[in-house]
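Heads up, the thing below is written out as structure tokens.
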Amino acid sequence: MLLRLRSTIFAIGYIFTGFLYGFLSLFLWVLPPLVRHRILISWCWLIVNWARLVCGVRYEIRGLENMSKIQGPKVVLSKHQSTWETLALQHLCFPASTILKRELLNIPFFGWGLRCLQPIGIDRDNPRDALRQVKIQGVQRLQSGLNVLLFPEGTRVAPGTRGKYARSGPEIALEADAPIIPVAVNAGYCWPAKSWMRYPGVVTVVFGEPIDPSGITSRELITQVENWIEEELVRLGDGSDKAKQSVVMKAQD
């Protein structure tokens, strides 16, 4: 019962503050891009810490210094288990342009805020055109000084599983000669996909060493990224055991 109550309180705060920030975004277009970006991503970090305060979803961040080992914008490729990392990485990788579904930009209030963050919206119904737009706009974002944040699996996957890693991120890095930062994160057991329940635990985020794309094919790059992320998740436990504990907690609730 307590678990459901905490998840409900979190959801109310999530929706209410999202509405407020979305409304605020209507008045921010007169500001410089990085200023409005900074203002709006404060909501992302607010929600991450709201989850920590209300639901006990704590976090540990390792290797963040790898983001500053090489100067200039980077292509960040992250594991995707949850909404948690889509919020946290906006703050940790600031300033970042995220590749996302175009439909999200049309959601009232929420989508309005997203548009202020200079994302790259793709049409999943037209994959060939989507790939072309991702490469063109991704390079443009890097050239303008933004990091580019991608989830190469494309959609959220359950803890202990992996999706197909797409090569669009490495292709952007090769085109722009930008380093790649792989990120392992095991948030899926605390903030599972397609569920409003939030479970207490510790989300671990690990930033890997920068990868120089020079002289390597996109296939070799994505294989290197995938192997590092998945091996790191094995070392972290990948949240699989904790996911099972969450199922038990839910059954007992």
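The values are calculated or read from the model by the stated rules, or taken from the named source; none is laboratory data. Computed from a predicted structure; not experimentally measured. When we count neighbours, we look across all protein chains shown, and the Cβ atoms used for this are built from the backbone with ideal geometry, even at glycine.
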Discussion item. Looking only at residues that are within 20 Å of the chain's Cα centre (by Cα) and of a type in the set (Val, Ile, Thr) in the stretch 19-44, which one is surrounded by the fewest Cβ atoms within 10 Å (Cβ to Cβ)?
Written reply: Ile39
Item to complete: Report, by residue number, each residue of the stretch 58-97 that is in contact with a Lys or Arg (Cβ under 6 Å, 6 or more places away or on another chain) and either under 23 Å from Gly145 (Cα atoms) or part of a strand (DSSP E or B) (or both).
Response: Arg58, Ser97
Discussion item. For Pro159, only one of the following conditions fails: (1) modelled with pLDDT of 85 or more; (2) part of a helix (DSSP H, G or I); (3) crowded, with 17+ Cβ neighbours inside 10 Å. What is its number?
Written reply: (2)
Worksheet entry | Failed condition for Glu232, given (1) part of a helix (DSSP H, G or I); (2) closer than 30 Å to Gly13 by Cα; (3) more than 16 Å from the chain's Cα centre (by Cα) | (2)
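Here is a list: Gly201, Gly188, Gly215, Gly169. Which entry is in contact (Cβ under 8 Å) with a residue 60 or more places away in the chain and either out of contact with any Lys or Arg (no Cβ under 8 Å at 6 or more places or on another chain) or surrounded by fewer than 21 Cβ atoms within 10 Å (Cβ to Cβ) (or both)?
Working: Gly201 fails: either out of contact with any Lys or Arg (no Cβ under 8 Å at 6 or more places or on another chain) or surrounded by fewer than 21 Cβ atoms within 10 Å (Cβ to Cβ) (or both); Gly188 fails: either out of contact with any Lys or Arg (no Cβ under 8 Å at 6 or more places or on another chain) or surrounded by fewer than 21 Cβ atoms within 10 Å (Cβ to Cβ) (or both); Gly215 fails: in contact (Cβ under 8 Å) with a residue 60 or more places away in the chain.
One residue alone meets the criteria, Gly169.
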Practice prompt. Please determine, by comparing only the residues of the stretch 112-147 that are surrounded by 14 or more Cβ atoms within 10 Å (Cβ to Cβ) and among the charged types (D, E, K, R), which one is nearest to Ser25 (Cα to Cα).
Written response: Arg115
Worksheet item: If we keep just the residues of the stretch 95-111 that are buried (at least 17 other Cβ atoms within 10 Å of the Cβ) and polar (S, T, N, Q), which is modelled with the highest pLDDT?
Response: Ser97
